[in-house]
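First up is the structure itself, then whatever we jot down about it.
The values are calculated or read from the model by the stated rules, or taken from the named source; none is laboratory data. In this text, all values refer to a predicted model and were calculated from it rather than measured experimentally. FYI the Cβ positions are ideal-geometry reconstructions off the backbone, even for glycines, and counts take in every protein chain you see.
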Amino acid sequence: MTLEKNYNPADIETRHYKAWEDSGVFGCGLTRAPGSQPSGDPFTIVIPPPNVTGSLHMGHALNNTLQDILIRYNRMKGRDALWQPGTDHAGIATQMVVERRLAEQGVEIDRGLPPSKDGNTLIDRDTFIDKVWEWKAESGGTITGQLRRLGASCDWARERFTMDEGLSRAVRKVFVELYRKGLIYRDKRLVNWDPKLHTAISDLEVEQREVTGSMWYFKYPIEGAENKYITVGTTRPETMLGDTAVAVHPDDERYRDLVGKNVVLPLADRPIPIVADEYSDPEKGSGAVKITPAHDFNDFEVGRRHDLPMIDIFDESGFLNENVPESYQGLDRFVAREKVVEAMDSLGLLEKIEDNPMTVPYGDRSGVVIEPRLTDQWFVDTKTLAEPAIRAVEEGTTKFVPRHWENTYFEWMRNIQPWCISRQIWWGHQVPAWYGPDGEVFVAETEEEAAQAAAEHYGKTTGVTRDTDVLDTWFSSALWPFSTLGWPDETPEVARYYQTDVLVTGFDIIFFWVARMMMMGLHFMGSVPFHTVYIHALVRDEHGQKMSKSKGNVLDPLDLIDEYSADSLRFTLTAMAAQGRDIKLATGRIEGYRNFITKIWNAARYAEMNGCRPDPAFDPADCSLTVNRWIVGAAAETEAKISAALEEFRFNDAANAVYQFAWHSFCDWYLEFTKPILSGDDEAAKAETRAATAWALDQILLLLHPISPFVTEELWEKLAPAGGRAGPLITSSWPSIPEAGGTAEAAEEMGWVIRLVSEIRGVRAEMNVPAGAKIPLRVQGASGRTNERLSRHEELILRLARIDSIGPVEGDVPKGAVQVVVDEATCFLPVGDVIDIAQEKDRLAREIDKIGGEISKLEKKLGNENFVSRAPEEVVQENRDRLAEFARSREKFQEALTRLSAL
RNA sequence: GGGCGCGUAGCUCAGCGGGAGAGCGUUCCGUUCACACCGGAGAGGUCGCUGGUUCAAUCCCAGCCGCGCCCACCA
């Protein structure tokens, strides 16, 4: 029963987690056993689903700590809390991982090409998919296990996976419905092509990197004119083999005569036209620009306007294909680049080369340069879907916290481009489209339906083949807030928990995920998926660098949990989660908050050792002792602060409030104040104080629980009242502290004691009075109230300020005494030979000087007529009071100085 | 090019119209019976710069300087 001297978090944390999970307290109302359902309104959060094969990083730790705080807080408030967990199949990322693992075993997927290495085996699509599921079975529990270790109180019974049958059905239904409404369509367009992954990717998956490249200037000979050239600049020389025009500005005098003529494209030896197009900027380069419609987004538009041929010169791996001269065929694009430059140079057609700072598109997964490529792909008409999603945020139906992220959302949504959703990979939701023999497309939820539609179309039964593409992972993620609840079925969960309440996520996926959930939620459910989007910061290293493996500055949350405890890590992340700023995480901070957890543990040990056990009969509104009324009032204030902070997502304020109350108010002062009572012989006072101590500690456990659930649950259990607790802390009610009479007076009175003790301690230290030495305290000019307080708190003043006796100044003021001023009273501390007169005079003079500074500032302010007449009355009065206070205290110090000088 | 954010104590950061704050670090003192992962006391800041608004500006506005990020473009 007795608490161990040292707190051992590891065992305790895993034990409580298991007990919570086994007892079903994480469950929402609909998954709880009958009779144990919460009566309050639902409070729902859907987890940002981590990659099923991933592992917990610091971003997850922050993200899930904040969600868990909201869930635990609302659960304690009596809400029917649902934290819907699950994982994401992460199409490209997972496929890459599994392919890499297979490669180690000499296995690769059959892309219709020979094996890349001799002796490698090729596997077909079905076999590969089986391998991915195997890998999922093997590693899929890792991250959910780690979330458990962190303390995440998810409703695990409801765990979902984006490739579950139910969620897959939701994907198919959404695809079919959007297709039928014309909001999904197939089109041959220029898309971002990843030559390493052999798939199209969306604009968002392209990362622009700053590099210093080169600008090559080529001379293209004018057809039928000797030694006449037009110069074009390019950053990608190899694409010239796919040029189908040169464009000049229609108003550009230099080239006016050439428009309509041809140049002979060198190397390829093709005549291509010189066209006039406003895309060409006379200020840039030579003013003439080569046009490669199949490999550049701008050139593509120019090509459309002038009906130019589109020559695709690359294969799916970025090697040159049969559309280029034979000597270039089969070359890698960067090899071809060098060869083109060499060839042009040897023909005398390379005018110059310049360094050129530029941004180059890279695939965010593959890390290779993206090639715009003309292919057939599936697109979502996001422009149409975005409209209601923009309106919802404009109208405040969904709010972002911090608010400024709404700008980011608006900017992207108002300029949204069609979303390319098809991927030429194998792992993911296969596009529910089938093709007839002539290429006619039949979109349907099942093959049977597609076959039937085909039969009707052709007037006879015929075979259909399924589209081999899969959908962008984010397509299924976009449905997450309702697909996880059972949609498209009309489940009780959908009815009760949609719309959800808060989405907690990082700013890096506002476009990828938040925006798309808004669009899909509004379209399919008719309402926004959440009323609040809380955007948290990025966790960086202590120097503000992004954590990355290559920099070696990664802090692994699991390591930190092992070293310090989950409670400590959670508290640290919470205390640092101020809005709108990145978190620079130093292990020193975690250590500091680990100490806080230990402090709580020790305070509980103290309470236990002193028989401070929660008393169900204790009424915090009815304490007879000032010190107890004081702690009750302070607890009430803290509860109000924390509740307000959590309602407004000011997590750091909540953490700091409980820290301040627990460590400073409770441990530093209250426990010290009450020691004389507990060791005294007033049984009634003792009983009340024991109960009050236990009660205050309980409030700390309750208030701290959402942030640091483990140590609080452990202490809650260990510090149970004689009859035991009604239930675990996790399902206990959030404190609602009754209005108690006299708390303001108690706060004022104990504040005075704190001032007095602090003043005395201060001068003792400054005057080098030995810490162990007890000295008398003689008070002059004390009011009746002060005398009352001195006697009421005599014992604790003796103890805390190391005083041996308290009394009034009798006769002459003590010689060789240090003096402090507290309100109207001057306190003399005769320290005998210890005092150094010169040093004390110096101290007093400095004090007077400091106060003098404040006084002159205030006098100047109050002397300003404009201030007195225009500032609010209470502000003026406040300043007058402060001035009077300073003046009185300066006077006391002045007197003290005079007395010393007279010695 | 467009947008967003940030410059406050040695470090990391709160505060954001009326008395400059916290944690860590640092200095001094202290191991008495919850805790040295502790207790007590202290030092440390022209709140980036320059103007403006206001009775009053770290806080609001403008400009500048320095950092970071996002989006777009790039012949």
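Observations on the model:
- Among (1) touching a residue at least 24 places away in the same chain (Cβ under 8 Å); (2) out of contact with any Gly (no Cβ under 7 Å at 6 or more places or on another chain); (3) closer than 21 Å to A:Trp133 by Cβ; (4) of a type outside the set (Phe, Trp, Tyr) - the single one A:Glu447 does not satisfy: (1)
- For the stretch A:624-673, the set of residues classified as under 23 Å from A:Arg581 (Cβ atoms) and of a type in the set (Ser, Thr, Tyr) consists of A:Tyr659 only.
- Where a residue in the stretch A:870-883 is assigned to a helix (DSSP H, G or I) and its partner, wherever it lies, is acidic (Asp, Glu), with Cβ under 9 Å and at least six apart: A:Arg882/A:Glu854; A:Leu883/A:Glu854; A:Leu883/A:Glu859
- Residues of the stretch A:82-95 that turn out to be at pLDDT 90 or above, of a type outside the set (S, T, N, Q) and not in a loop (DSSP other than H, G, I, E, B), as a count: 4
- A:Phe649 satisfies every condition listed in (1) free of Cβ contacts under 8 Å to residues at least 40 places away in the same chain; (2) at positive phi except (1).
- Of the residues making up the stretch A:715-762, those that are within 16 Å of RNA strand B (Cβ to nearest atom), surrounded by fewer than 20 Cβ atoms within 10 Å (Cβ to Cβ), touching a residue at least 24 places away in the same chain (Cβ under 8 Å) and within 30 Å of A:Arg789 (Cα to Cα) are A:Ala744, A:Ala747, A:Trp752, A:Ile754, A:Arg755, A:Glu759, A:Arg761, A:Gly762.
- Qualifying residue in the stretch A:513-532 (condition: within 14 Å of the chain's Cα centre (by Cα) and among the basic types (Lys, Arg)): no
- Residue within the stretch A:524-532 that is part of a strand (DSSP E or B), in contact with a strand residue (DSSP E or B) (Cβ under 6 Å, 6 or more places away or on another chain) and closer than 22 Å to A:Asp41 by Cβ present: yes
- Lone unmet requirement of (1) among the hydrophobic types (A, V, I, L, M, F, W, C); (2) at pLDDT 90 or above; (3) farther than 19 Å from A:Leu347 by Cβ; (4) within 48 Å of the chain's Cα centre (by Cα) for A:Val211: (2)
- Considering the conditions (1) more than 20 Å from A:Gly59 (Cα to Cα); (2) within 13 Å of RNA strand B (Cβ to nearest atom); (3) touching a residue at least 60 places away in the same chain (Cβ under 8 Å), A:Asn595 is excluded by exactly one of them, (3).
- With a requirement of 3 or more residues that are touching a helix residue (DSSP H, G or I) at 6+ places or on another chain (Cβ under 9 Å) and surrounded by fewer than 20 Cβ atoms within 10 Å (Cβ to Cβ), the helices (runs of 4 or more DSSP H) lying completely within the stretch A:548-627 that satisfy it span A:557-564, A:587-609.
- Some residue of the stretch A:233-248 being away from RNA strand B (no atom under 12 Å from the Cβ) and more than 56 Å from the chain's Cα centre (by Cα): no
- Qualifying residues in the stretch A:278-296 (those that are near RNA strand B (Cβ under 9 Å from one of its atoms) and at pLDDT 90 or above) - the one nearest to A:Pro418 (Cα to Cα): A:Asp296
- For the stretch A:646-657, filtered to residues that are within 12 Å of RNA strand B (Cβ to nearest atom) and within 15 Å of A:Pro735 (Cα to Cα), the residue that is surrounded by the fewest Cβ atoms within 10 Å (Cβ to Cβ) is A:Ala657.
- Of everything listed in (1) touching an Asp or Glu at 6+ places or on another chain (Cβ under 8 Å); (2) modelled with pLDDT of 90 or more, the single unmet condition for A:Tyr73 is (1).
- Contact map, the stretch A:202-219: first residue free of Cβ contacts under 8 Å to residues at least 40 places away in the same chain, second residue near RNA strand B (Cβ under 9 Å from one of its atoms) and among the hydroxyl-bearing types (Ser, Thr, Tyr), Cβ cut-off under 9 Å, separation 6 or more or different chains; the map is empty.
- Residue ID - surrounded by the most Cβ atoms within 10 Å (Cβ to Cβ), chosen from residues in the stretch A:858-903 that are near RNA strand B (Cβ under 10 Å from one of its atoms) and among the polar types (S, T, N, Q): A:Asn879
- Residue match in the stretch A:572-587 (condition: within 7 Å of RNA strand B (Cβ to nearest atom), β-branched (Val, Ile, Thr) and farther than 20 Å from A:Ile12 by Cβ): yes
- A:Ile535 being in contact (Cβ under 8 Å) with a residue 40 or more places away in the chain, aliphatic (A, V, I, L, M), within 16 Å of RNA strand B (Cβ to nearest atom) and outside any helix (DSSP H, G or I): yes
- For the stretch A:499-528, a residue qualifies if it is among the aliphatic types (A, V, I, L, M) and either surrounded by fewer than 20 Cβ atoms within 10 Å (Cβ to Cβ) or within 16 Å of RNA strand B (Cβ to nearest atom) (or both), and the qualifying residues are A:Ile509, A:Ile510, A:Val514, A:Ala515, A:Met525.
- Answer from A:Asp68, A:Asp22 - the residue that is part of a helix (DSSP H, G or I) and surrounded by fewer than 19 Cβ atoms within 10 Å (Cβ to Cβ): A:Asp22
- The stretch A:356-405: number of residues that are modelled with pLDDT of 90 or more, within 12 Å of RNA strand B (Cβ to nearest atom) and within 26 Å of A:Val502 (Cα to Cα): 1
- Of residues in the stretch A:574-612 being basic (Lys, Arg) and closer than 19 Å to A:His705 by Cα, the one nearest to the chain's Cα centre (by Cα): A:Arg594
- Matching residues, the stretch A:675-691, being away from RNA strand B (no atom under 16 Å from the Cβ) and buried (at least 16 other Cβ atoms within 10 Å of the Cβ): A:Ala685, A:Glu688, A:Ala691
- Where helices (runs of 4 or more DSSP H) sit wholly within the stretch A:405-502, none has at least 2 residues that are touching a Leu at 6+ places or on another chain (Cβ under 6 Å) and farther than 30 Å from A:His531 by Cβ.
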